[in-house]
1. Residue by residue through segment B:110-165, note down the ones that are among the charged types (D, E, K, R), within 19 Å of B:SER24 (Cα to Cα) and surrounded by 14 or more Cβ atoms within 10 Å (Cβ to Cβ).
2. Output the number of residues of segment A:16-26 satisfying the condition of being in a helix (DSSP H, G or I) and open to solvent by less than 50 Å² (accessible area, probe 1.4 Å).
3. Here's a check for you: in segment B:201-230, which residue that is of a type in the set (Val, Ile, Thr) and surrounded by fewer than 21 Cβ atoms within 10 Å (Cβ to Cβ) is farthest from B:LEU143 (Cα to Cα)?
4. Counting only residues that are more than 25 Å from A:ARG90 (Cβ to Cβ), open to solvent by 80 Å² or more (accessible area, probe 1.4 Å), modelled with pLDDT of 90 or more and more than 7 Å from chain B (Cβ to nearest Cβ), how many does segment A:135-191 have?
5. Taking B:ARG254, is it in a strand (DSSP E or B), modelled with pLDDT of 90 or more and surrounded by 17 or more Cβ atoms within 10 Å (Cβ to Cβ)?
6. Where residues in segment A:62-84 are more than 7 Å from chain B (Cβ to nearest Cβ) and of a type in the set (Gly, Ala, Ser), which of them is most open to solvent (accessible area, probe 1.4 Å)?
7. Please go through segment A:42-58 and pick out each residue that is within 11 Å of the chain's Cα centre (by Cα) and at the interface with another protein chain (Cβ under 8 Å from one of its Cβ atoms).
8. Mind checking whether some residue in segment B:161-172 is farther than 19 Å from B:THR248 by Cβ, touching a Pro at 6+ places or on another chain (Cβ under 9 Å) and either in contact (Cβ under 8 Å) with a residue 60 or more places away in the chain or not basic (Lys, Arg) (or both)?
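The values are calculated or read from the model by the stated rules, or taken from the named source; none is laboratory data. Note that the structure is a prediction, hence the values are computed from the model and not measured. Please note: Cβ atoms are built from the backbone with ideal geometry, for glycine as well, and neighbour counts cover all protein chains shown. Surface accessibility is based on the protein's heavy atoms, side chains included, excluding ligands, DNA and RNA. Shrake-Rupley method; radii C 1.70, N 1.55, O 1.52, S 1.80 Å.
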Amino acid sequence: MLPESKQLTDANLLNAIARQDEQALASLYDRYRLILFGLLMRILRSREEAEDVLQEVFLQVWRRASDFDPQRGRPFTWLVTLARSRAIDRLRQLGSRERVASSVIEFAGEGIVDAAENTFRSEQRQLVAAALTELSEEQRRALTLAYFEGLTQAEIAERLRSPLGTVKTRMRSGMIKLRELLSQQMESRAF
Amino acid sequence: MLALHALSALDGSDLRVMKEHLVSCSTCREELEGWRDTAGALAHAGELLEPSAQVRARILEGIRSAGKVDAASSNVLPLQSRPRQAFWVPRYAAIAASLLFVALLVGWVILWQQNRRANQELAKLSAQYEQAQRDRERNQKLLEILNSPGARVTELVGTNEAPTAHAVLTYDAKSGQAILMTNGLPPAPAGKAYQLWFIVGNLPMPGRVFAIEPNGTGVSSDQLPLAAAKTAGFAITQESAAGATSPTGPILLRSSS
């Protein structure tokens, strides 16, 4: 059991989940449900589908927590990658890309809505929002289509009616710039 | 290509080439994890939305049901009652059967012992092979770093907390790839591990945790944040095995610069 789970790191919680600690799973869910559900809603555009996938994700975490290797990556990255992969698989099963395609939403920093004024992970959200405003519109759009709609580079090129090489360059330069900006902003903040 | 792969955006021949390459290149596998961190950060750009309360309840119910199924499936089936031996079986047939059974049992025990020894030998050879593979990959990566234009080598010396400890951090200031090699540190207690820190100004940024081998050495691959790759000091502390986001233990080794 985890008497003070709020103070435990994500890796601590995953270790406990690997030992089949139910309370640890509940704590991890409470910690990340908002951001993961927001991500799933953004991808799937359906509350019913998003809730279904969210449930699948945490059941998978329960079964696969022992696979997580802290030497290889961060718990948040592992969790969000798991959620996004499942959502995109579901999206492809539903064949709903065309439905989603008609309503692409840009995620420029000023467009981000902070639901219920929740302060959850607010610092990271501010960092990412600030970094995204530094990208060009073309870079942001290409990354949006890849990350939130699961489109491949060829599909993005077709959607944007741009040469494949141009799309690859935009995505790569966008990711490099994003990484640099996030790193710089981390540097400017003290513990 | 790694950045696009982290977004799951590769397709066609690019995806095939990338998958084949990753099988044999540990350096790129590690770099891919860094790109996944960057891609994962995009999740923060979405809205924060509250799922219905039933989702939490369904998840907890789901894991309890899974536990019951596991428990049920692991139950040992009750033994069937042994059928009574027919009264008409001749005694000598029973004796012969007993002898045959004993002979088979002895043969099985011998084969089992031989098999166990062979498995132990195989496991030992397999472990040696895996260790050799890891050493080879580490040395290859070390050479790559040392041959890079941004190669740096920094020495970390033990503080009063660990006066006999010593470490060398080799890294590429451009890519951030780093390898830490230590000696003189005792194995960490159960539940604990050593952790590398990158000090930029007064800001300690967490590196990876690592363990000490039985021979007293420790080796760890890491990825320096770009900020740390330019100008940073380095330190090592003992933390929980899962690592910490800020140091809690005393500094055991630190770089001189």
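1. B:GLU137, B:ARG138, B:LYS141, B:GLU144
2. The initial filter retains those residues of segment A:16-26 that are in a helix (DSSP H, G or I), namely A:16-18, A:22-26.
Applying the additional criterion that residues be open to solvent by less than 50 Å² (accessible area, probe 1.4 Å) yields A:16-18, A:24-26.
Of the residues in that region, 6 qualify.
3. B:ILE212
4. Total satisfying the criteria: 5.
5. Working: in a strand (DSSP E or B): yes; modelled with pLDDT of 90 or more: yes; surrounded by 17 or more Cβ atoms within 10 Å (Cβ to Cβ): yes.
Yes.
6. A:SER66
7. Answer for segment A:42-58, where residues must be within 11 Å of the chain's Cα centre (by Cα) and at the interface with another protein chain (Cβ under 8 Å from one of its Cβ atoms): just A:ARG42.
8. Start the filter on segment B:161-172 by keeping residues that are farther than 19 Å from B:THR248 by Cβ, which leaves B:163-164, B:166-172.
Filter once more, keeping what is touching a Pro at 6+ places or on another chain (Cβ under 9 Å): B:172.
Applying the additional criterion that residues be either in contact (Cβ under 8 Å) with a residue 60 or more places away in the chain or not basic (Lys, Arg) (or both) yields B:172.
Within segment B:161-172 (the criterion being farther than 19 Å from B:THR248 by Cβ, touching a Pro at 6+ places or on another chain (Cβ under 9 Å) and either in contact (Cβ under 8 Å) with a residue 60 or more places away in the chain or not basic (Lys, Arg) (or both)), the answer is yes, since at least one residue qualifies.
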